[in-house]
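Taking it in order: structure first as structure tokens, then the write-up.
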Amino acid sequence: MTVIKPELFNSRSFIYRTHQQAEFAEVAGAAQVLSYAQQGDPTTGLIDLSVRPRIGLRGPNAEEALLASGLLHPQQPNTLTVSDEGVMVLRLGRTEYWVLALPGASADLDLDALQQQLNGPGIYPVYCHDSYTWLALAGENLADIMAKVCAVDLREESFAPGDLVMTSLARVGGIICHHQMAGKTVYSIFSDSASAGYLWEALLDAMAEFDGAPAGQNLLLVADE
């Protein structure tokens, strides 16, 4: 049996070398961390989802194309939707959308085929995969952790599930998205891939006071008891 390792694939997270003693699974032609050896689920986890599938589109006909595809999509800029099938759609501004496959998304979800469907006049691709790292902060004390690295008020009364904000965190530009998975509060964070290592370490440092730790995507699939 072949042991899945990032080095077996051409596509890798920019921070794959930091994931020592991890169990991986193949996801979209890359290695996704499932869990870390000899580690229980932390109260708050930082998960690298950078290899997970996503596509982007923008243009005057982008919303019409999303409607035709049957995707649940946001009605307002700077918001997001999550479907029962595990598809998250971000609306960044008036005519730009990202479509992402969350952990646990339907096995038959084919974003490559969907990208071909979301095509035509007045629609332009947005290359949001390799150029952006995707980190997820999940669990407790998320607003307190983020207050150490971000000036935006991310408490739930100001930043509800379904909201997203484009801002600076740890002095790098990023997108922070508030959603729920397996009964947990999750902040999905997108930032320039070149800053991935720095941002990973900055968030781990901010989490240390709250006993946070690196985690795999399995943390997002198991409901809190």
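For the reader, a short list of remarks on this structure follows.
- Scanning the range 85-103 for residues being more than 23 Å from Asn10 (Cα to Cα), of a type outside the set (Lys, Arg) and in a loop (DSSP other than H, G, I, E, B) gives a total of 5.
- Strands (runs of 3 or more DSSP E) lying entirely in the range 1-83 (those with 1 or more residues that are of a type in the set (Ser, Thr, Tyr)): 30-36, 44-48, 79-82
- Considering only residues in the range 105-121 that are part of a loop (DSSP other than H, G, I, E, B) and in contact with a strand residue (DSSP E or B) (Cβ under 6 Å, 6 or more places away or on another chain), the one that is modelled with the highest pLDDT turns out to be Leu118.
- Filter result for Gly86 (touching a Gly at 6+ places or on another chain (Cβ under 7 Å) and at pLDDT 95 or above): no
- Criterion violated by Gly197 - all others in (1) within 21 Å of Arg12 (Cβ to Cβ); (2) modelled with pLDDT of 95 or more; (3) in contact with a strand residue (DSSP E or B) (Cβ under 7 Å, 6 or more places away or on another chain); (4) not in a strand (DSSP E or B) satisfied: (3)
- Within the option set Ser191, Ser158, being surrounded by fewer than 14 Cβ atoms within 10 Å (Cβ to Cβ) and at pLDDT 95 or above holds for one residue only, Ser158.
- Taking the range 170-184 as the range and being in contact (Cβ under 8 Å) with a residue 24 or more places away in the chain and farther than 28 Å from Gly104 by Cα as the test, the residues that pass are Ala170, Val172.
- Where a residue in the range 57-71 is polar (S, T, N, Q) and its partner, wherever it lies, is part of a loop (DSSP other than H, G, I, E, B), with Cβ under 7 Å and at least six apart: Asn61/Gly120; Asn61/Pro121; Asn61/Gly122; Asn61/Ile123; Ser69/Leu118
The values are calculated or read from the model by the stated rules, or taken from the named source; none is laboratory data. Since this is a predicted model, take the numbers as computed values, not measurements. A quick note on method: Cβ atoms are made from the backbone with ideal geometry, for glycine too, and the neighbour counts reach across all protein chains shown.
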